[in-house]
1. Restricting the search to region 197-222, which residues are within 15 Å of the chain's Cα centre (by Cα), more than 11 Å from ligand 1 (Cβ to nearest atom) and modelled with pLDDT of 95 or more?
2. Could you check region 39-138 for helices (runs of 4 or more DSSP H) lying wholly inside it with 3 or more residues that are touching a helix residue (DSSP H, G or I) at 6+ places or on another chain (Cβ under 9 Å) and aromatic (Phe, Trp, Tyr)?
3. When Glu142 is evaluated against the numbered criteria (1) surrounded by fewer than 17 Cβ atoms within 10 Å (Cβ to Cβ); (2) within 16 Å of ligand 2 (Cβ to nearest atom); (3) outside any helix (DSSP H, G or I), which criterion, by number, is the only one it fails?
4. Are any residues in region 250-308 of a type outside the set (A, V, I, L, M, F, W, C) and in contact with a Phe, Trp or Tyr (Cβ under 7 Å, 6 or more places away or on another chain), and if so, which ones?
5. List pairs: first residue in region 147-160 and more than 24 Å from Phe268 (Cα to Cα), second residue surrounded by 13 or more Cβ atoms within 10 Å (Cβ to Cβ) and hydroxyl-bearing (Ser, Thr, Tyr) anywhere in the structure, Cβ distance under 6 angstrom, at least six positions apart or on different chains.
6. Name the residues in region 16-42 that are free of Cβ contacts under 8 Å to residues at least 40 places away in the same chain, touching a Gly at 6+ places or on another chain (Cβ under 9 Å) and not polar (S, T, N, Q), would you?
7. Report those helices (runs of 4 or more DSSP H) wholly inside region 188-263 carrying at least 3 residues which are in contact with a Pro (Cβ under 9 Å, 6 or more places away or on another chain) and within 16 Å of ligand 2 (Cβ to nearest atom).
Amino acid sequence: MRAEPSRRGLTLMDVDEASGAVAGPVGPPSVAPRGAGSEPELAPREWEINERWELWADNLVTLYEEAVSRQWCATQDIEWSRLEELPPDLERAMCQFNTFLTMGEYLATDVLAPWLPAFNTYFHEIKLFIASQAMDEARHTEVFRKRIYANGGGMGMTIKLGSALSAMGTPTAETKGGAGANPLFSSWDHVSYAIHVVFEGAILSMFRFGEFLGKTDVDKQIFRMVMQDEARHVSYGTMHLKYLLENAPDPDACRRQLEQTATMAEMFFLDLFFMHPATVESCAVLAGEGVDHLADGLEVYKALYRKMREEYLSRTARAGLDRTGSCMFPADLPF
Ligand SMILES: [Fe+2]
Ligand SMILES: [Fe+2]
């Protein structure tokens, strides 16, 4: 077999085409890489997630290829020397917002990465993609941490989102269906919906407001760089949701469970993110260009929220889950 490089170089798609070892519906109970044989005495290996419908997205392999070709370096690719001094209220708000983001990046990895050993090796695409996401999130934590200390500010306040999510995020027997299980984190579908679709979808919408929230060109550059990575994470979550709805063996049960997950995830993030004073106030100070224009900033934050909600509703509807009538995000924020 001879895989030929295509225009972008030798991709996993080229290898699939040459080998014919493409992902079928079910992975075997084995550690064998897809396409490999096994020595006779090789013991079977059970995996927790073995079926394509449970993990697949039609763009999974291309997203991975994009992830590796677009890695960037927080040390060198950000023009740190061009960072301009900000008035103290803006610097402080920026540091608080970046503290929230730093924490959010840890959360994504802490919740997602423990699922890596659950996936059957046969579906290498998901293992590679989630590993690349963990690296993306590490770089995001790094870049926000660097920003916090690069301009005369410092770390802000940790909010409850951190402890609430990390306590529930590790897939122990308990969280995966035991008596004390939190349904939000009991299966890969729920985890992916809560993190990729709701949480990262909202972060992506926020970075689209980078022009309002970023007060220096360097801040805007950071948001732009992070945004391109987040777009991949959200894209996987959305396309996985679509695949799931179209391919789950019991589509009605799958839809009912997803509706429940969506309701819980929406309430969770509404409380600990969109309506949390630390997020609202830091973003409003930034958007209003200072504490003296908090009311103006609040209007921008509310516009950001409405846009976020709109993007969430159209993203989920495109995937086949219409949340218009049941979404827990109110049409506008009550302040
Ligand atoms: Fe991130
Ligand atoms: Fe992300």
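1. Answer for region 197-222, where residues must be within 15 Å of the chain's Cα centre (by Cα), more than 11 Å from ligand 1 (Cβ to nearest atom) and modelled with pLDDT of 95 or more: Val197, Val198, Gly201.
2. 88-112
3. (3)
4. Thr261, Glu266, Thr279, Ser282, Tyr305
5. Matching pairs, first to second residue: Met155/Thr99.
6. Gly20, Ala21, Gly35
7. Counting at least 3 such residues, we get no helices (runs of 4 or more DSSP H) at all.
The rows are residues; the columns are (1) of a type in the set (Val, Ile, Thr); (2) closer than 26 Å to Ala194 by Cβ; (3) surrounded by fewer than 17 Cβ atoms within 10 Å (Cβ to Cβ); (4) free of Cβ contacts under 8 Å to residues at least 24 places away in the same chain.
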site: Arg256; (1), (2), (3), (4): no, yes, yes, yes
site: Met264; (1), (2), (3), (4): no, yes, no, no
site: Leu272; (1), (2), (3), (4): no, yes, no, no
site: Pro277; (1), (2), (3), (4): no, yes, yes, yes
site: Asp296; (1), (2), (3), (4): no, no, yes, yes
site: Val300; (1), (2), (3), (4): yes, no, no, no
site: Lys307; (1), (2), (3), (4): no, yes, yes, no
site: Glu311; (1), (2), (3), (4): no, yes, yes, no
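The values are calculated or read from the model by the stated rules, or taken from the named source; none is laboratory data. Note that the structure is predicted; figures quoted are calculated from it, not measured. Virtual Cβ from ideal backbone geometry, glycine too; neighbours counted across all protein chains shown.
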